[in-house]
Each structure stands twice: as structure tokens, then as C-alpha cells.
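What follows is a set of notes on a single structure, which appears directly below.
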Amino acid sequence: MRLRQFTGLGRGLVLLVAMALGAAGLTATPAATAAGDPPTSHGLKGEYYTQSAPGAFDFHELKATVFDPAIDFATLEPRLAAATGRNDDATVRWTGKLVPERSGPTTFSMVGDNGFRLWIDGELVIDHWVDDWDREQNSRPVELSAGTSHDIKVEYFEHYGGSHLRLRWIPPDGEKTAVPRSAFRPPDGWHYDGATDATVRADGRTLALDFPQRLAPPPGTLPGHIEAVIGGATWPLATAALDEADPSVLLVRLKEPVVGNKDGTARGTVDVRYDGRGGLAAVGGDEVDAFLSGGVNRSRYELRTPWAGDAEAGKGWRAYPRPQLTRTEWRNLNGRWQFAAAAAGDAPPVGKDLAERIRVPYPVESQLSGVQRHEDRMWYRRTFTVPEGWRIGDGRRLRLNFGAVDWQARVYVNGSEVAEHRGGYDKFSADVTDALKPGGTQELIVGVYDPTDAEGGENPPLGKQRLDPSGIWYTPSSGIWQTVWMEPVAADHVESLKITPDVPGSRAVVEAKGVRAGVPVTATAYADGRKVATATGWTGTPLALEIGGPRLWSPDDPFLYDLKVTVGGDRVGSYFGMRSIAVEKTGGTPRTLLNGSPVYLMATLDQGFWPDGLHTAPTDEALAYDLRAHKRLGYNSVRKHIKVEPDRWFYWADRLGLLVWQDMPAMTAGAVPDGAARARFERELKEMVDEHASSPSVVMWVPFNEGWGQYDVARVAEQVKRWDPTRLVNNMSGVNLGTDGGAGDILDEHGYPAPALPAPDGRRALVSGEYGGLGLAVPGHAWSVQMSYVDVDPATYTDDYLARLAEVRALACEGGNGAVYTQIADVEGELNGLLTYDRKVLKGDAERIRTAHERLIEGAQDGTLPCSAP
């Protein structure tokens, strides 16, 4: 989706702020400074305007003049709101001096949402006064002289939706970087006595305000006259005092910590407003005028979930990782591995100790990995021993299994390559028996390559991962990110089970996959420990388990049958649920039917990211937590968005009773996939369908979302339906933002913040595939950059949520079959979750929300939903 943010101050409040700034003199005529005075600060003069009309893109009314340290805004929403009283239809003009450190030709680049232009020494060098977003523009080389002040002017307009702006340069013999604050100076003749910088310090609890003059000791009531918006959230302030080492610095103590990162380089702005009435004065008595200034977040405080400690103690992922194909003998290989960055063409480091350590199975970029940086190429290394009791080689083989590695993996045992795999979301395994050394210690090395969205890369399915994360795009999860384990198997052994329920026929069809045909096979089903069906036969032919009077699986009764399968000498455990899903006409309207009865699919968008583990939940308990939260809040469905989870996530959805809409992770949005990328996409899509075909919770496949990486939409959807005719197919979630191929069972539109339905086609069931996105920042529990669709007051959060739900109910009366609220938890820069990103705060009233959901679901299903007559 294209994010429509209204972040930071509430609308009414920001109007008062802008009025106060104007009344306090922020837009007054600047006074001249003494001739020859050196610059006292680094930054630019920013003049913030409203436009004369929506889409005018003019400089109509000056609302505030602001000191801006640099032009590198991941989001401008808080600043626009504070300075102009609005987030949309605003313009900004920055002026000042640019003083480079190097002489020679310098190329400038800009990217933003929406239009912008740049002048250097009065010459227009970038002109992109265009209503679009994220289209980078480059200047011709401009001659600059080291230590010389060059005039700079930047203009920008925001129309609606997201707003960000970045100014970069390529100095002589240099690389492209943001133009640093040290290169900027205010324009000549502009007097400014407010804060020239606002920095969250490393502890995350101190806000340091730098002034161009020494200050007198502040009164104790000063914090009541300061408003700090950090990362889009209004922050609670405690006390204010001068820095003992530098009386030109005011230290404001924060009541809640600000999230940063381990390097103190987190994105996110700090915006500080002083109303001019708090008694802040310079030494000598001159009172400091009202001001609006900003700065950066240098906090090293990191957001963690309640399960991080268990993960670090080695308690993270100990359960058997494949619940629908279990074996009793196995060994978990998670834990501390050796680690090193790699380069293309490197030989595997056989027999060599690697310098770093990494905690598997957490992505290399995550806190919990212990590495916490991105690498395109990397080596993992460890040793292992094989239990003597497994009798490997005596008619038994050793399988080495990987839950998932993003993206390409090459696996070596004792220097021999035993597996090569591409695909960041599907599991793979290898028979490593022939690579083992007699007795003793074995060496395991995994080489990983993950291009993510790198220019010139393979454009793999990657979902929301980005090398330059911001907005709706998040930190990558490269490398091993699911459990690694080994297990002994018989020479003839099953690699997967496909279990297909046939509700009308009162039977379940079982197929043993990955084993040669003609091996004896027996399958036995149990209900609460009681044998209910047995079937025997030979591999290569499906078995039918006849289950008289089956107990049907549903969100209200997620009953699971246990299953034991013997294939030759191989014995495995599994489970299944008996349920059906379809779209059929009821009263002339296409309806979703579960077990033959109408079902309303009330879901959230669940993106499956964690502040400490990224793609990997810290523990199995954490993995289940979000799904339990769905049940607690009265949802009966969940849309797993642009990510495929570990098998245990599907186990929890099966066991708890949630109807899963499973997205295929998209290729890079905006990039046209070539033939090779399309082939990889369809191979990984087939793997996703095959690997989770036996999970009763999965009721819908979603190949594409909002047009991201789209191609051959109808053909791909029809292919998925052929692969799995037992489930629904949603060919494009968000047909209003992508291409509707006209295929599949579901017709899906996105609307923000209000839900919306597409025009009916008389064949497919209508759903609102995304809506809502009510933003609420909880200081101390949110990422350093925050975005949302609509900001709400904490006191009215539940009321606002229920107001949107009333709109969903109205659409149910118009033929709607489901809705997906964005989203279950905050994710990095997005604060529109029902839960905070650290899962420590539930923002709404659970009881009221659950009751409203239950009434909607029950009323839509049994026809008692109150609907006004047409």
C-alpha cells in the first residue's frame, strides 16, 4: 500500500502549536547579525507554508520559520504538522550556505514524496516539481570549492499521503552519502536564539538541546513549556537542567526511553517546540524566543520482547520443528555457530576457525543473532557428533534439515558439498551419510548469499525486506533464520505427508511423499487417543482413512486428529483437521463457506516481525503469542502478510483455530521481474503451497499483493488453483492498487482508513483485504521512526477502532465476506498495531473489541446482522 500517514501531534493540537509559533515571533522579520560574526551553528533556515488549495503546490501562507539541521527526513509528517498545522498540501523552502570539505565536481541527488528542486549558487540543478514519490533525481556535476560558502536553496511540496525528503551528494572521489549537517550554515542576516540541535543521547532517556549562547539555570516548571515529538510520538518529559560541562546545553530528562540501535545511528527525527513562556533565558537575562527545532536520535537503547532473555539463554527453539512430520530421534543444531563475512568466489573455510560467533536461528541483522549487521555473503561453521545409537550406515541414513535460509545456501559436511538451495521461505534437507567421517567430530559449513533488493540482484521473493528500510519496508532477515536439525532415517523414508480432508466423503486422504513407489505403508488416525481409522497400502498410491461422523475443524472447535504413519521401517507422526472451504452463492450472493455454512473472515494483517529477532520470533511461546492475541480479541482469521512462517506457526494456527490467508512473499515492488525471476517466484510459490497443504488452518492462497512484482496474474492464480483445488485463491489482494486477473475465488480491495469493497462480478466473494491502520505511539515501546494512516487519541482508541468496525459491518450488509485490519502489532516504523512492537502493551480494550467482533461474525454468519433496509 502507499502509506497515508498522519503522525505525531493531533490535528487540533498542531493548529494551536502553529498559531503559538506565529504569535511568538517565529515568522517575524529576522534581525541582522554583526558583520563578520562567524557562523554559530550548522543547519538551514526552513520556511514552512500552506498551499492555497489542494494540489496547488504553491507557497501561499508562511506558517513558521524553523531551524533545520539537515535535509535527510525519513518522514516529514511531525514537522509539517507542528509547523503548518497540517500533514498534506504544505510546502517548504530551505535556504542557507553549503561549505564542502573537498573541491571539485560534485553531483547531487534527491528523492522524496512528493516534488522538490535544488539551487546551488542561484542555479537550478535539480527540478522535479512533480506529484510522484520515490523517483530519485540527479544533478549534473557542480563545481564546489573547499571551505567556500555556496548559496543553497531547496524547495519541496507535499500533496497527500507519505512525506519524506533526502538530499545526497557524491563529492570528488567519494561515494553517495547524505549531505552532512557539518556542511550547512544558516543564511546571512538571520538571527536565531533557539535550540540549534536536539539530540537523544545514547542512554535513550536524555534529550540534549544545544543553544548558540550560554543559558541561565532554568526554572523547574520549564518542561511544561516544551513539547518533544520523537519519531512521531509526543514524549513525556520529566525534568530540565543545564549540562554541568557546557551551560549552552539544556538536558531534558525523558520519562520513557527512546528506542535507538546498537550504533546510535537510528533513523527518526526529534522535533522540539518551546512556547517562549517558560522562563528560559540566556546568561545576562535575555529571554529565549519561542522556537521549533529538530535533530537526531543517537540512542543505543534497543527494543526487546519479553522472550529475548530466554532466546539468549538458549531456550528459544527447542521443540521439534516439523509438527506434521515428526520423528522421535533427532538432534537440534541451533545455538552458537562460528561466523564470518564472505566474498563472491570464496572457497568454504574448511578446517578454519571463524572469528565471530552467531546465535542460530536468528537472522544476521537481528539483535538476537549477536552480529546485528547485514551481509550479502556469509559463512556459518560448527562441528557436530552423531550419536552411536543411531547406527548410521547400518541400514540407516542421516538427514540434515534446514527450516529456512534466506536466500541461497550451500551446505558442506567435512568439505563435501551436500546441498545447494535457493528460496528464503521453504525448508530443505540433505542426506549427508556419505560425507561423514568414521567416528568422532564432523564439520558443518553453510555458505549463504542474500541479495535482498540489491540493484542488479536476482530479485528473489523477499516480502517487506529492504536494504534501506523505511516506511512500510523493514530490516532484512538474511542467513539461517529457522531451526537446523539432524535425524536418523530408514533407507526408505517419507520426506513429507500430504493429508487432504474430504468432508462430504467422511474421509482423509494420506499420501507419503519423497519415497520410492511400492513400499508398504500404514496410516492410523486417532481422536483423543482413540483409534478411529486405519488404512494400508503401498507408496505411490494415496490411502483413504474412512472416518465415520468426523468432528469438523473450525475456529470455534479446532479439533485435530492425530496420525501415525509407517513407511517400510520409517515411523512418523502427524495430525490433520477435517474441514472444507468454498465460495458458493447464497441468496444470489457469492459467500465464503466453511464446512458448508457461511463464515465471515475477520482478520488482522500479521507481518511476523520482531524487534529482537526480525523474521524469527524469539521463542516458540512468542510465535504463538500473536495468534493467541487474535483469539483473545475475537478474530477468527489472520492474513499472514508477505511472509511464510515456520511450520510451528501453522501448528499453532491449527491448534488455536484461526483461518489463515497465506500471502506469497512478493518480489521487489516497482521492479519488472525478468524470466528467471518469474521462474524462481513460481517455484517458491509451489513450495509454499506444497509444504503447507496439510494445514487445516490455511484456507486461502494470495499470490500477489497490490501489484508488487505482478505479472500474468490470471495464469498464476489459475496455476495455484490447479495445484490446490481444495482452497480459495485470491488472485490479487488490493485489486484497486494492482491488476485484477479476473481469476480465483476472492475479489479483494484495500481502503485506508475506511474499509472498501470492490465492485461485484457475481462470481467471486468480496472482501476488504486491508483497512484501518489507526496509529497510536506508545513512548518507550516503539521503533525510532513511526508512521501510521490515522493518529488517534489514547483515550478514544477503542472507540475509534469500533467506529471503523461499524463500517466493516455496513459492508457485510452489502455482501462483504471478510475484512483485514491493519495490523496485529507495530512493525518498525509503523505504529498502527493493536499491540506494540515489543508485545508489551495492548492498546485497546480487549473485552469491548472481542465482543464487537463476535457479534459481527455471528450476525454475518447466521443472518441476524442488523442491516438497514435499502
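The values are calculated or read from the model by the stated rules, or taken from the named source; none is laboratory data. This is a predicted model, so every value here is computed, not measured. Cβ atoms come from the backbone with ideal geometry, glycine included; neighbour counts cover every protein chain shown.
Pairs are defined by a Cβ separation below 9 Å, a sequence spacing of at least 6 or placement on different chains, a first member in segment 595-610 that is over 30 Å from T475 (Cα atoms), and a second member that is in a loop (DSSP other than H, G, I, E, B) and at pLDDT below 95; the pairs so defined are P598/G863; Y600/L865.
When only residues in segment 190-215 that are in a loop (DSSP other than H, G, I, E, B) and closer than 14 Å to V252 by Cα count, which is nearest to the chain's Cα centre (by Cα)? Once the filter is applied, the top-ranked residue is G204.
All conditions but one from (1) assigned by TED's automatic domain parsing to the domain that holds S293; (2) not in a loop (DSSP other than H, G, I, E, B) apply to P218; the one that does not is (2).
Yes/no per residue for (1) in contact (Cβ under 8 Å) with a residue 12 or more places away in the chain; (2) under 22 Å from the mean Cα position of the chain (by Cα); (3) surrounded by fewer than 21 Cβ atoms within 10 Å (Cβ to Cβ):
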site: H615; (1), (2), (3): yes, yes, no
site: D620; (1), (2), (3): yes, yes, no
site: H630; (1), (2), (3): yes, yes, no
site: W649; (1), (2), (3): yes, yes, no
site: L656; (1), (2), (3): yes, no, yes
site: E682; (1), (2), (3): yes, no, yes
site: P703; (1), (2), (3): yes, yes, no
site: V713; (1), (2), (3): yes, no, no
site: A717; (1), (2), (3): yes, no, no
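Within the set A490, A508, A430, the sole residue that is under 30 Å from A582 (Cβ atoms) and either at pLDDT 95 or above or buried (at least 21 other Cβ atoms within 10 Å of the Cβ) (or both) turns out to be A508. Under the condition of being under 24 Å from D748 (Cβ atoms) and of a type outside the set (D, E), the residues counted in segment 804-852 number 26.
Of the strands (runs of 3 or more DSSP E) lying entirely inside segment 122-187, those containing at least 3 residues that are within 23 Å of P105 (Cα to Cα) and free of Cβ contacts under 8 Å to residues at least 24 places away in the same chain span 123-128. Count of segment 296-315 residues, restricted to those that are out of contact with any Pro (no Cβ under 6 Å at 6 or more places or on another chain) and assigned to a loop (DSSP other than H, G, I, E, B), is 9. Could you tell me whether segment 697-705 includes any residue that is in a loop (DSSP other than H, G, I, E, B) and more than 24 Å from S496 (Cα to Cα)? Yes, segment 697-705 contains at least one residue that is in a loop (DSSP other than H, G, I, E, B) and more than 24 Å from S496 (Cα to Cα). Checking each residue in segment 230-252 for being without any contact (Cβ under 8 Å) to a residue 40 or more places away in the chain and farther than 30 Å from T836 by Cα picks out A241, L242, D243, E244, A245, D246, P247, S248. Residues that are out of contact with any Pro (no Cβ under 9 Å at 6 or more places or on another chain) and closer than 23 Å to E645 by Cβ within segment 472-493 comprise I472, W473, Y474, M486, E487, listed in sequence order. Selection of segment 860-870 for residues being crowded, with 16+ Cβ neighbours inside 10 Å and either at pLDDT 95 or above or of a type in the set (A, V, I, L, M) (or both) yields A860, L865. Of H374, H421, all but one fail to be in a loop (DSSP other than H, G, I, E, B) and within 29 Å of the chain's Cα centre (by Cα); the exception is H374. Of all the residues in segment 511-527, those that are assigned to a loop (DSSP other than H, G, I, E, B), more than 38 Å from the chain's Cα centre (by Cα) and loosely packed, with under 15 Cβ neighbours inside 10 Å number 3.
Looking across segment 674-696, the residues that are touching a strand residue (DSSP E or B) at 6+ places or on another chain (Cβ under 7 Å) and part of a loop (DSSP other than H, G, I, E, B) come down to H692, A693, S694, P696.
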